[in-house]
Amino acid sequence: MQGAAQHNYVPIGTVRLTKDGYLERKVTDDPNIYPARRWIALHRLLWEASHGPIPPGHIVIFKAGQKTAIEADLTIDRLECISRGENAKRNHPRSKSPELAKLVQLKGAITRQVNRLIKESQP
């Protein structure tokens with residue numbers, strides 16, 4: 001290991017905070033793995049330690065209002081395992097507010113019209 005890699009190295013087991021506010025633990029130093037894959041979210045590790053592997057098509061999320069960036073406060077009762085489809089429903093603009101849903105729909109309609117006009121104006 002040389003240069004910046006040597007300077008930036010941290011040992012396996014190190015915990016870091018992502019820019020999105022999630023805690024991650026370094027699980028390997030394998031140079032054949034893309035650097036970001038050397039780290040796994042702590043809430044995933046906690047879920048798998050308590051419940052086993054996460055089923056395909058599912059994710060582990062924090063329950064509403066339970067997200068934390070303090071390792072000592074990260075407990076299994078703050079987490080839930082849901083399907084990706086359920087996550088999409090929860091995060092869809094319609095589930096946030098009717099006004100936001102209308103704005104998203106209007107933006108899509110405007111974008112389609114702009115794209116149509118651009119396509120028609122090209123030779």
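Computed from the coordinates by the stated procedures, all read-outs in this text should not be read as laboratory data. Here the structure is a predicted model, which means the values were calculated and not measured. No Cβ is skipped: glycine too gets one built from the backbone with ideal geometry, and neighbour counts run over all protein chains shown.
Overview of values
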read-out	value
Full-extension gain in nm, Ile70 to Ser50, via 0.36 nm per residue minus C-alpha separation	5.3 nm
Cα pair distances exceeding 12 angstrom across the stretch 1-64, given as percent	74
Stretch gain in nm, segment Arg90-Lys119, where the contour uses 0.36 nm per residue and the Cα spacing is subtracted	7.0 nm
The chain: mean projected area of Cα convex hull, nm²	13.3
Per-residue [θ]222 nm for the chain (sum of -39500 (n - 2.57) over DSSP H runs n ≥ 4, rounded to 500)	-12500 deg cm²/dmol
Separation of alpha-carbon centers, the stretch 41-77 and the stretch 3-38, rounded to whole Å	19
Distance in nm between pseudo-label sites at Arg78 and Ser97 (7 Å out along the Cβ direction from Cα)	2.8
The chain: relative contact order in percent, alpha carbon pairs under 8 Å with at least 6 residues between	15
Distance in nm between pseudo-label sites at Ala109 and Asn8 (7 Å out along the Cβ direction from Cα)	4.7
Whole-Hz couplings from phi, Karplus 6.51/-1.76/1.60, listed for the stretch 9-21; x for Gly and Pro	4, 10, x, 4, x, 5, 10, 10, 9, 6, 5, 8, x
Residue exposure sequence - His43, His58 - by fewest surrounding Cβ within 10 Å	His58, His43
